[in-house]
Amino acid sequence: MAIDYLKRGKPEADRAEDDAETSAVVAATLKDIEAHGDTAVRELACKFDNYDRESYRLSETEIETIIAKVTPREMADIKFAQEQVTKFAQAQRDSMLDIEIEPMPGVILGHKNIPVQSVGCYVPGGKFPMVASAHMSVATAKVAGVPRIVACTPPFNGEPNPAVIAAMHLGGAHEIYVLGGIQAVGAMAIGTESIAPVHLLVGPGNAFVAEAKRQLFGRVGIDLFAGPTETMVIADDTVDAELCATDLLGQAEHGYNSPAVLVTNSRTLAEDTLKEIDRILTILPTAGTARVSWEDYGEVILCDSYDEMLAVADDIASEHVQVMTDRDDWFLENMTCYGALFLGPRTNVANGDKVIGTNHTLPTKKAGRYTGGLWVGKFLKTHSYQRITTDEAATLIGEYGSRLCMLEGFVGHAEQCNIRVRRYGGANVPYGEGAAYRDVAE
């Protein structure tokens, strides 16, 4: 492969060092929350958010007062976006069927899709109030039928953000807390004197939130590893540099460590995009953040062919992949590792982030190799069940089961089968022999 990096980001070793530092901070913070509960949460909220109140949970009266600050236009926009998200989530839910089959006479096998009983939804908002994240987690959990939905978001400019609280409330949150960062996800997962623990944590966040979820996994479930935003643009000469630069910087403004990568087979487009990025950074109001991300994590990768572009893209496994080529459907058919695809110049990542209906909580740090993004199915558990309804089936399955248990040396397992062969088949089966009671072939 003849791949040329016109621009590289931070070396992997430096990124790993950053991750190790984050991990240590998170581990100590979670230990503090587990040991000191509400006291630790309050101290962390005061330290990191400069925010304190008697109870971090909003009362119904407070919620109504806060939501009243949302303008009619803003409320209409929030409702429109939430409607698109719930429509898609409902279509996904409708595709997940309970099943029951009878593979042989007298044997019933099935599965049921059961909602997780409690979920903690983290909605980022310290730097930018992530209104859309409330739709993606809270509203989707409601579609799944989760009976207890807890939502946490940090204060914005020293107070609850009205639009975020409105989206949480409209989405169906049963409990809303004004808490951010590690203290929010830690409190929801571990539990404190005032917050009952949940069974599942979902939602995006910064590197500390993502690492906290990773360390809490096992104690609770998590949706996926959703850390700082990543974006990739796969483009050829069918589009121009302005479009590519806009799509790269549009995501780089998320934070100081948001990778943005251009993969192209056009040297002209690659060089022009670098120039266009420099131009846009002189006028972009969020350039202070986007520039740092671009300088430290931005990459421009020049490939010889579409096959090389595909291979590079699958190896990076970016969270968002904007495809603008003369063969977008080919990439849709052949790409295997990514968070979500945005196909063609008419769409863009911001559509997916805010309004179009697909979920914006997506895998980062190569997690797209083994998982997709948050969806209604993440809030459901598929549980199997079995039933035997005839003596004949109990005998036949018992005979096979006994022999197979003995093949592995599990005598006690075999006896579970043997006792049923004796009771329902009338066979005299000595304890633990696991013998062939009759010639099944006959």
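Of all the options T395, T29, T289, the one that moves most in a Gaussian network model of the chain with Cα springs shorter than 10 angstrom is T395. Remark on F225: its backbone amide H falls under 5 Å from those of T364, a criterion applied only to residues 5 or more positions apart or on other chains, H modelled at 1.01 Å from N.
With a threshold of 32 Å on the Cα-Cα distance, the over-threshold entries among K275/K378; K31/K365; K275/K365; K7/K79; K127/K365 are K275/K378; K7/K79. Ranked from largest to smallest solvent-accessible area, with a 1.4 Å probe on the protein heavy atoms, W330, W294 come out as W330, W294.
Cα centroids of the stretch 224-246 and the stretch 131-197: 30 Å apart. Whole-Hz Karplus values for the stretch 219-234 come out as 5, 9, x, 10, 5, 4, 7, 10, x, x, 4, 10, 9, 9, 10, 9 Hz, taken residue by residue from phi with 6.51 cos²θ - 1.76 cosθ + 1.60 and θ = phi - 60°; glycine and proline positions read x. Calculated mean residue ellipticity, 222 nm, the chain: -14500 deg cm²/dmol, from DSSP H runs (n ≥ 4) at -39500 (n - 2.57) each, averaged per residue and rounded to 500. Expressed as a whole percent, the accessible area of the chain that falls on carbon and sulfur atoms is 52 (1.4 Å probe). Taking the C-alpha atoms only, the angle from helix 181-190 to the longest principal axis of the chain is near 10 degrees.
Can you list the trypsin sites (Lys or Arg not before Pro) in the stretch 334-413 that are in a DSSP coil and have 16 or fewer other beta carbons within 10 angstrom? If you can, show how the numbers build up before the last one.
Values: sites: R346, K354, K365, K366, R369, K378, K381, R387, R403; in loops: R346, K365, K366.
Taking the stretch 334-413 and a limit of 16 other Cβ atoms within 10 Å, the loop trypsin sites (Lys or Arg not before Pro) found are R346, K366.
Residues whose amide H falls under 5 Å from that of V261, counting only those 5 or more places apart or on a different chain, are T231, M232, V233, E299, with hydrogens built in the peptide plane.
Taking the longest Cα principal axis of the chain as reference, the axis of helix 207-216 is set at about 10 degrees.
I'd like to compare 12-19, 47-54: which one has the highest average count of other Cβ atoms within 10 Å, and what's the full order after that? Let's see the in-between values first.
Numbers: 12-19: 11.4, 47-54: 12.9.
Final packing ranking: 47-54, 12-19.
Helix 411-425 axis versus longest C-alpha principal axis of the chain: approximately 60°, rounded to the nearest ten.
Of the labelled figures [x] 24.5; [y] 27.3; [z] 23.3, only one reflects Kirkwood radius over Cα pairs in Å as derived from the coordinates, namely [x].
Considering only the chain, what is the antiparallel percent among its DSSP beta bridges, to the nearest 5? The answer is about 35 percent antiparallel. Peptides 59-70, 97-108, 132-143, 238-249, ordered by how many other C-beta atoms sit within 10 Å of their residues on average, highest first, read 132-143, 238-249, 59-70, 97-108. Our coupling estimate for the stretch 256-272, obtained by passing each phi through the Karplus curve with A = 6.51, B = -1.76, C = 1.60 and θ = phi - 60°, is 7, 9, 9, x, 9, 10, 9, 10, 8, 10, 10, 5, 4, 5, 4, 5, 5 Hz, Gly and Pro reported as x.
On a per residue basis, the chain carries 47 Å² of accessible surface, using protein heavy atoms and a 1.4 Å probe. Working note: Karplus 6.51/-1.76/1.60 with θ = phi - 60° gives the stretch 297-307 the couplings 10, x, 9, 10, 10, 9, 10, 7, 8, 5, 4 Hz, where Gly and Pro are set to x.
Once you sort the root eigenvalues of the Cα gyration tensor of the stretch 245-300 as a ≥ b ≥ c, which label holds: rounded (a/c under 1.5), prolate (a/b larger than b/c) or oblate (the other case)? Please list the in-between numbers first.
Details: a/c = 2.38, a/b = 1.48, b/c = 1.61.
Judged from the Cα gyration tensor, the stretch 245-300 comes out oblate (a/c at least 1.5, b/c at or above a/b).
Between F48 and I283, the simple label model (points 7 Å from Cα in the Cβ direction) yields a spacing of 3.7 nm.
The values are calculated or read from the model by the stated rules, or taken from the named source; none is laboratory data. Quick caveat: nothing in here was measured; it's all calculated off a predicted structure. Neighbour counts run over all protein chains shown; Cβ positions are idealised from the backbone, glycine included. Ligands, DNA and RNA are stripped out before the accessible areas are found, and what is left, the full protein with its side chains, is counted by its heavy atoms. Shrake-Rupley method; radii C 1.70, N 1.55, O 1.52, S 1.80 Å.
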